[in-house]
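Structure, as structure tokens:
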Amino acid sequence: MRLFVAAELSNNLIDALADTSALLRDSVRGRYVAPDLFHVTLAFLGEVPAAQVDEVGMLVRDACAEVDPFMTSLGPLGSFGRLSAAILWQGFSSGRESWDLLATKVRSALRDAGFWIDEKGFLPHVTLMCRADLTHGALPMPCVTRGSVDAVIVYVSDLSGERPCYEALERIDLF
């Protein structure tokens with residue numbers, strides 16, 4: 001099973017991200033991410049045997065027991081990759097210490113238990129577009145708002161269809 005762990009965003013953050021995505025449609029060509037798929041990936045595990053999925057959930061639950069819910073604000077747009085086929089994302093302008101604590105706790109718990117974790121540096125962001133063509137001028141100002149991060153979800157992802165399918169295996173509330 002292809003697993004990842006992500007922070008769940010409050011509805012007002014999702015709404016603002018969807019508004020930014022709508023603004024981008026007038027100026028950027030690419031493959032848009034549907035708002036129901038917006039999340040902040042904390043740890044990507046890749047393929048995990050089904051027999052170990054419960055262990056992943058337990059480890060994430062234990063790691064999150066030490067993290068309080070927190071407020072964060074949407075920030076600027078950014079991109080990864082080539083300008084002609086970029087990943088376009090929106091970041092956060094506040095809450096960085098809380099984001100880092102949450103990601104570090106989750107990643108460390110999984111890594112210490114022997115799970116493979118993608119070792120890219122953690123940058124809290126939400127992917128808005130894939131294969132974005134950013135070669136044609138300036139981007140619009142993104143919508144910003146403040147919202148909460150109250151839960152973490154262990155997802156299984158299926159990329160075999162026309163669009164990604166994410167199924168929540170376990171939701172862990174932050175207290």
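Out of the range 108-168, which GluC sites (Glu not before Pro) are coil in DSSP terms and have no more than 13 other C-beta atoms within 10 Å?
E119, E162
Express in nm, to one decimal, how much length is gained between D100 and T135 on full extension, taking 0.36 nm for each residue of separation and deducting their alpha carbon distance. Present the calculation step by step, with values, prior to reporting the outcome.
On the way: separation 35, 0.36 × 35 = 12.60 nm, distance 3.17 nm.
This chain segment gains 9.4 nm when fully extended.
Looking at the range 3-83, which GluC sites (Glu not before Pro) are DSSP coil and have at most 16 other C-beta atoms within 10 Å of their C-beta?
E66
Could you tell me which label, among [x] 36, 29, 14; [y] 43, 20, 15; [z] 28, 19, 14, carries the value of semi-axes √(5λ) of the Cα gyration tensor in Å calculated for this structure?
[z]
How much length, in nm to one decimal, is gained on full extension between R61 and S108, taken as 0.36 nm per residue of separation minus their Cα-Cα distance?
Length difference between fully extended and current span is 15.6 nm.
So, in Å, what gap is there between the alpha-carbon centers of the range 1-29 and the range 131-153?
7 Å
Once you charge only the Cβ atoms, +1 for Lys and Arg and -1 for Asp and Glu, what is the size of the charge dipole of the chain about its Cα centre, to the nearest 20 debye? Please report the intermediate quantities before stating the final value.
Working: 15 positive and 23 negative charges, 147 e Å.
Dipole about the Cα centre, nearest 20: 700 debye.
For the range 110-119, in order, what is each residue's ³J(HN,Hα) by Karplus, 6.51 cos²θ - 1.76 cosθ + 1.60 with θ = phi - 60°, in whole Hz (x at glycine and Pro)?
Listing the rounded values in order: 5, 5, 5, 8, x, 7, 6, 10, 4, 8 Hz.
Loop only per DSSP, at most 16 neighbouring Cβ atoms within 10 Å: give me the trypsin sites (Lys or Arg not before Pro) in the range 91-175, ordered by residue number.
Details: sites: R96, K105, R107, R111, K120, R131, R146, R171; in loops: K120.
Answer by residue number: K120.
With 14 Å as the cut-off, how large is the P(r) tail for the range 95-163, expressed as percent of Cα-Cα pairs?
Values: 1815 of 2346 pairs.
Taking all Cα-Cα pairs of the range 95-163, the fraction more than 14 Å apart is 77 percent.
No lab work stands behind these numbers, since they all come straight from the coordinates. Just so we're clear, the structure is a prediction, and the values are computed from it rather than from any experiment. Cβ sites come from the backbone with ideal geometry, for glycine too, and all protein chains shown count toward neighbours.
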